Amino acid sequence: MGLEAHLQHASLLKKVAESMKDLCKDVNFDCSEKGIEVQCMDSSHVALVSVLLRESAFAEFKCDRPVSLGMNIDSLTKILKMTGSDDRIADFDLKLMQIESEHMEIPEQHYKVVAKLPSSEFQKVCRDLKEFGETIQITGSKEGLKFMVQGDLGSGNVMLKPREGEKPEEKVSLTVHEPVTATFALRYLVNFAKAEKLCGSVELGLSPDAPLLVKYDLETADKGHMQFYLAPKIDE
Amino acid sequence: MGLEAHLQHASLLKKVAESMKDLCKDVNFDCSEKGIEVQCMDSSHVALVSVLLRESAFAEFKCDRPVSLGMNIDSLTKILKMTGSDDRIADFDLKLMQIESEHMEIPEQHYKVVAKLPSSEFQKVCRDLKEFGETIQITGSKEGLKFMVQGDLGSGNVMLKPREGEKPEEKVSLTVHEPVTATFALRYLVNFAKAEKLCGSVELGLSPDAPLLVKYDLETADKGHMQFYLAPKIDE
Amino acid sequence: MGLEAHLQHASLLKKVAESMKDLCKDVNFDCSEKGIEVQCMDSSHVALVSVLLRESAFAEFKCDRPVSLGMNIDSLTKILKMTGSDDRIADFDLKLMQIESEHMEIPEQHYKVVAKLPSSEFQKVCRDLKEFGETIQITGSKEGLKFMVQGDLGSGNVMLKPREGEKPEEKVSLTVHEPVTATFALRYLVNFAKAEKLCGSVELGLSPDAPLLVKYDLETADKGHMQFYLAPKIDE
């Protein structure tokens with residue numbers, strides 16, 4: 001096989017696989033000299049996951065020629081769960097699969113609103129509001145980032161105002177070219193937000209009538225990133 | 001609306017709501033200048049819950065005229081679960097309900113036995129003995145407080161003797177005018193005992209053929225209290 | 001009754017009972033002046049559990065004449081769960097049962113491979129590999145102890161090499177008279193391995209075509225031990 005890759009710590013790949021497994025089943029790991037890329041759409045074609053593990057994330061990385069490794073994410077997660085101890089040597093041969101897929105080029109978007117917030121806080125807001133309804137309205141403006149849900153038992157909203165913090169992952173910052181309000185299926189955001197283990201902060205990108213971007217660096221930006229895209233709900 | 005109330009910490013109301021939710025579904029929060037009162041019977045009419053949140057429990061409390069706010073306890077619990085962080089502003093509008101109910105005046109009882117014990121210990125005894133049977137016999141005497149359960153796998157009893165303690169919540173004390181033995185459905189006590197979060201100690205009041213009182217202060221007595229009453233089981 | 005036994009700490013008996021309860025239902029506690037012995041086979045007659053609680057494990061131990069106490073392990077576990085606090089006095093009468101059983105003399109085996117390893121690591125290996133298949137192949141050789149599982153999603157193996165450690169429970173050591181490879185139903189090993197609470201290290205004994213021995217001291221060897229035997233799977 002054309003690939004030989006060695007990760008210093010398996011925990012990074014473990015977190016990536018765990019963050020994908022609610023949305024993807026069988027995926028191709030597309031390996032090239034750049035590193036490893038994974039793209040997959042969820043079964044309802046509403047959400048897209050895009051991962052880039054740069055070769056600099058690996059202690060050693062050699063890829064003679066591009067190769068696609070088809071894997072079942074659940075199986076990969078099971079194998080990676082076994083890593084952790086340096087005291088034992090574990091070898092696994094994972095059966096690979098032939099998966100038909102097309103690699104999409106996702107054009108770089110210029111979002112009208114770009115917000116950075118603590119990833120743990122994004123997760124808490126999504127989980128809390130999920131109790132109130134299925135659809136979330138997100139508004140980004142100079143005032144802050146507002147999440148709103150209306151449901152049978154009433155309506156709830158949470159406002160995150162820009163704030164400083166000692167650590168980058170405590171800050172809330174917004175770049176607003178023009179205020180945007182858009183609505184999304186909340187359950188996808190709850191899934192995305194589980195990736196909070198990857199990075200202390202998360203970036204949201206909002207534009208009118210465009211997919212929402214939810215982006216996590218893989219610990220640091222130079223190792224790569226995990227991006228989720230979610231199509232907006234259009235009012236009929 | 002005639003009420004404007006502001007709690008320093010939502011945790012107190014959160015604990016009250018959580019302690020009610022196994023027994024009550026829809027309840028009226030009766031607000032007056034005294035504070036907020038809640039009364040409800042469980043669906044089988046064996047247990048009564050009575051809460052008093054005194055106005056002194058609130059940082060600010062204004063109530064122009066008495067008003068009853070009908071709420072679903074589950075919904076209230078969901079909303080209160082969202083509180084906790086000072087970094088974000090969360091607003092919720094909870095739909096109110098019209099609930100028919102009658103406010104009972106519960107006459108002050110002079111119990112033959114009044115026992116004070118650590119609330120965590122009361123919870124552990126109830127949970128442990130629940131494994132052995134459905135009916136618990138409680139005996140209060142100068143010797144101490146004795147809990148007894150008989151079931152298929154044998155019989156068990158736990159004796160708590162009066163004891164001193166450095167903190168009030170470590171003490172076991174009894175005032176016995178006359179020894180009392182009574183039996184109760186244990187599963188209600190298990191429910192009541194979950195309120196241990198409210199206060200480090202719990203007070204039990206026992207009289208022959210009278211309901212058992214299980215009383216928790218809301219942290220301190222001046223903030224109010226939560227009282228449970230449970231009808232005794234009469235031997236046929 | 002001919003037995004009066006007093007344990008300094010109930011936790012030891014609690015751990016023994018918990019380690020038995022996946023495999024045994026009703027068992028005889030055979031009491032003699034030596035201490036207490038328990039033997040039981042699992043319902044499929046593939047695994048045997050053998051416990052010896054020496055009289056030295058007890059603070060006080062008096063047994064005038066041999067007696068067998070038939071108990072349900074689940075009930076015993078429920079009672080022992082109630083112990084723990086010194087502040088209260090709990091009495092339980094557990095109904096005893098008449099259980100027909102034969103005490104087998106298990107001949108001392110001279111295993112071709114005897115391995116000692118951290119009991120927590122044995123548990124982790126069993127749990128991890130269980131994800132991959134139902135049958136485990138264990139090979140003991142001078143190289144180390146190798147666990148291998150083959151399943152639908154691929155094959156996995158874990159190698160534990162002999163190593164030193166500061167504490168005895170960190171060491172891996174092997175005595176190999178001749179290399180042995182044998183296969184076993186993995187789910188039993190997962191059950192046995194739950195006994196890791198009993199002792200920091202576990203001893204495995206392997207011989208060709210003989211039952212596997214999995215042995216835990218009860219904290220220290222002089223208090224007794226818990227031994228599991230598992231019949232090998234014979235290739236047809």
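Here are a few things to note about the model shown:
- For the Cα trace of the protein assembly as shown, dividing Rg by the Kirkwood Rh returns an Rg/Rh value of 1.03.
- Charge dipole magnitude, Cβ of K and R +1, D and E -1 - chain B, Cα centre, debye nearest 20: 540 debye
- Under the simplified labelling scheme, the C:H45-A:A221 pair shows an inter-label distance of 7.0 nm, with each label point 7 Å from Cα along Cα→Cβ.
- Surface accessible to a 1.4 Å probe, A:D152 within the full protein complex, Å²: 140 Å²
- Rounded to the nearest 20 debye, dipole of region B:15-109 from Cβ charges on Lys, Arg, Asp, Glu: 260 debye
- For a label point 7 Å along the Cα-to-beta-carbon line of A:V190, residues of region B:63-81 with backbone N under 19 Å: B:74-81
- Inter-copy label distances at A:S11 (7 Å, Cα→Cβ; nm, one decimal): 2.9, 2.9
- Proximal charge balance of C:M159 [Cβ under 9 Å; K/R count +1, D/E count -1]: +1
- At least 30 Å² accessible surface lost relative to isolated chain, residues of region B:88-113 (1.4 Å probe): B:R88, B:I89, B:D91, B:F92, B:D93, B:K95
- Per-residue average of Cβ from other chains inside 10 Å of A:189-201: 0
- Axis-nearest residue in chain A [Cβ, rotation onto B], distance in whole Å: A:R127, 16
- Fraction of C-alpha pairs exceeding 23 angstrom in region B:126-236: 29 percent, rounded to a whole number.
- Local electrostatic count at C:L204 - Lys and Arg +1, Asp and Glu -1, tallied over other residues with Cβ under 11 Å: +1
- Look at the dipole of region B:1-129 built from charges on Cβ: of B:S56, B:F122, B:L80, the Cα furthest out on the positive end belongs to B:F122.
- Nm distances between copies for C:H45, ranked from closest, using label points 7 Å along Cα→Cβ: 5.9, 5.9
- Within 10 Å of each Cβ in A:120-130, the average number of Cβ atoms from other chains: 2
- Orientation-averaged projected area, Cα convex hull of region C:1-109 (nm²): 7.5 nm²
- Between identical copies, the spacing of A:D93 label points, each set 7 Å from Cα toward the C-beta atom, reads 6.4, 6.4 nm from nearest to farthest.
- Column: log10 I(q)/I(0), Debye, Cα scatterers of region B:76-197, q = 0.16, 0.19 Å⁻¹: -0.91, -1.07
- Region C:128-185: translational diffusion in µm²/s, Stokes-Einstein, Kirkwood Rh over Cα pairs, 4 °C, 1.567 mPa s: 104 µm²/s
- 12 Å cut-off, amide nitrogen to a point 7 angstrom out along C:K25 Cα→Cβ, residues in region C:41-57: C:42-44
- Our helix-only sum for the protein assembly as shown, with -39,500 (n - 2.57) per DSSP H run of n ≥ 4 divided by its residues, gives a mean residue ellipticity at 222 nm of -5000 deg cm²/dmol.
- Taking the inverse of the mean reciprocal distance over all distinct Cα pairs, the Kirkwood hydrodynamic radius of region B:15-76 comes to 12.2 Å.
- Geometric descriptor of region A:86-135, per residue, is 301 Å³ (volume of the convex hull of the Cα atoms).
- Sulfur and carbon atoms: percent of accessible area, region B:138-222 [1.4 Å]: 46 percent
- Radius 12 Å from Cβ of A:M148, net charge of other residues (Lys, Arg +1; Asp, Glu -1): -1
- Chain B contacts chain C over a buried accessible area of about 1500 Å², both sides summed; the probe is 1.4 Å and only protein chains count.
- P(r) of chain C over all Cα-Cα pairs, binned every 10 Å from zero, in whole percent: 7, 30, 34, 19, 8, 1
- Loop chymotrypsin sites (Phe, Trp or Tyr not before Pro), region C:97-164, which have at most 15 other Cβ atoms in a 10 Å radius of their Cβ (DSSP): none
- Around the Cα centre of region A:113-230, unit charges on the Cβ atoms of Lys, Arg, Asp and Glu (plus for the first two, minus for the last two) sum to a dipole of about 80 debye.
- Seen against the Cα atoms of chain C and their longest principal axis, helix C:119-130 is set at about 60 degrees.
- The angle between the Cα long axis of helix B:11-20 and the main principal axis of chain B comes to about 60°, on a 0 to 90 degree scale.
- Inter-chain Cβ neighbour average for residues C:149-156, partner chain, 10 Å: 5
- Tail beyond 19 Å, pair distance distribution of region C:177-236 (Cα, percent): 34 percent
- Length-normalised contact order of chain A in % [C-alpha pairs under 8 Å, at least 6 apart]: 21 percent
- Compactness of region B:54-130, taken as the C-alpha radius of gyration over 2.2 N^0.38 Å, stands at 1.64.
- For chain B, B:C31, B:C63, B:C126, B:C199 stand unpaired, since no other cysteine beta carbon lies under 4.7 Å from theirs.
- Surface analysis of region B:1-130 yields an accessible area of 55 Å² per residue, using protein heavy atoms and a 1.4 Å probe.
The values are calculated or read from the model by the stated rules, or taken from the named source; none is laboratory data. Keep in mind it's a predicted model, so treat the numbers as computed, not measured. All Cβ positions, even for glycine, are placed from backbone atoms using ideal geometry, and neighbour counts span all protein chains on display. These area figures cover heavy atoms from the full protein model, side chains too; ligands, DNA and RNA do not enter into them. Shrake-Rupley method; radii C 1.70, N 1.55, O 1.52, S 1.80 Å.
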